[in-house]
1. Enter the per residue convex hull volume of the chain, computed from alpha-carbon coordinates, in Å³ rounded to the nearest integer.
2. Please report the carbon-and-sulfur percent of the accessible area for the range 194-306; probe 1.4 Å, protein heavy atoms only, DNA, RNA and ligands left out.
3. How many percent of Cα pairs in the range 127-171 exceed 13 Å?
4. What is the gain in length, in nm to one decimal, between Asp308 and Asp138 on full extension, counting 0.36 nm per residue of separation less the C-alpha to C-alpha distance?
5. With just the Cα atoms of the range 96-195, tell me how far they stretch along each of the three principal axes, in Å, largest first.
6. Determine how large the accessible area of Ser32 is when every protein chain is in place; take a 1.4 Å probe and give Å² rounded to the nearest 10.
7. What is the range 262-322 by shape, rounded, prolate or oblate, if you read a ≥ b ≥ c off the alpha carbon gyration tensor as root eigenvalues and call it rounded for a/c under 1.5, prolate for a/b larger than b/c, and oblate otherwise?
8. For the range 83-164, which whole percent of the accessible surface, found with a 1.4 angstrom probe, sits on carbon and sulfur atoms?
Amino acid sequence: MYAPPGVKTNHNEFPIPDIQRAWVLGDPGQLSITNKPVLVPKRAEVLVRIDAVAICATDLEIIYHGPPALIQGGLPFNKNFTPGHEYMGTIVALGPGVDEYKIGTRVAVEIHAGCGQCKRCREGMYTSCHNYGLNYGDVDKGHRANGFTTDGGFCEYQINHINTLVEIPNEISDEEGTLVVTAGTAMYALTELGGLVAGESVCVTGPGPIGLMAVAVAKALGAQPVILTGTRDNRLQIGKELGADAVVNIRRTPDVVTEVKRLNGGKGVDYVVECSAATSAVNDAVRMVNRGGRVCLAAFAHEEVPVDVAHIVRNNIYMYGIRGEGKSATHRAEAFMHQKRFDATKIHTHTFPLDDLPTAIRYAKDRVEDAIKVVVKAKMDAVQNEAAE
Ligand SMILES: [Zn+2]
Ligand SMILES: [Zn+2]
């Protein structure tokens, strides 16, 4: 039985096995299920039983192409690496000295635990940790980005630093819990990095999960108007339900820059959050934004993108990339969700058992049945197995 020295457990309520099921990445696009030991939390760490994990576009990047995962200093293939980073669960074991959390507490988890000792970590920008991925060989910088540089959530149990935990109330379902960090990323983009205040105007380009959460968070923060652009009417409709004042389908309205300006009284908007990764999107964004406005780049582009630098300079436009969910923005996003300021469950479309991860990935990748957020759950297997017996 799992009983490491110095680790608190409660086997009566939360039994922990020594071995768990875990998906591992082989060659690009190849996942197989295997057994792995349940890891032991160290100082300031807990063991989380994973109750639900969502599939993110970045997981697909990692599984099929590799970056931004960085395993033992390189590509993540054939290294017994378990991807998956958008998970939530229940704390089932406490590492030495942990009294900030109790066994049985439900948590969403931020992805990045910075090293805590570099310049950016000290500034609270732990998603930009200068020791990113430096945890191999003789080096242990204490950095974790589960599903990127350390094992992630396509399994049953994972280790998390207490600084990555966001307690969630019972009114937030497991599926909604996986979206807390997605909303936290939108919050980090708009407020901590962007400086948005109430009454400013925002255009979000690309209604994927981050884009839709950016709409919801912007509206909850008092932005006016909030405009969403994209190509799929069903997703634009969800954007409206999450708070978009106007949506633009760029298939029907190809001159999206003029349309966004028209929707904001002829001037550009104060902020553009670029979530589409379209090749033309960056130049569109710098033309949609007003003079002195800000453009947040939140999508991983596949190729180098030409940019009209002179336009940016002439118009004093600020541009910034965003990686993840720094400065505890996730806790403030969770507060919005706790207050039901927006309904993140609108972007959750499908749930599959953990054993069916390849099917779940196919739904997410090929957008089968208009899939947006696809979740897998290990406990669902248990329920179904019982029913089958
Ligand atoms: Zn993600
Ligand atoms: Zn650091």
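The values are calculated or read from the model by the stated rules, or taken from the named source; none is laboratory data. Keep in mind the model is a prediction, meaning the values are calculated, not measured. Heads up, the Cβs are rebuilt from the backbone with ideal geometry, glycines too, and the neighbour counts pull from every protein chain shown. Just the protein is used for accessible areas: all its heavy atoms, side chains included, with ligands, DNA and RNA removed. Shrake-Rupley method; radii C 1.70, N 1.55, O 1.52, S 1.80 Å.
1. Working: hull volume 55.6 nm³, N = 389.
Dividing the Cα hull volume of the chain by its residue count gives 143 Å³.
2. Exposed carbon and sulfur together represent 49 percent of the surface.
3. On the way: 634 of 990 pairs.
Value for the range 127-171: 64 percent of Cα pairs lie more than 13 Å apart.
4. 56.7 nm
5. Ordered largest first, the range 96-195 gives principal extents of 42, 37, 27 Å.
6. Result for Ser32: roughly 60 Å² accessible.
7. prolate
8. The nonpolar share, carbon plus sulfur, comes to 43 percent.
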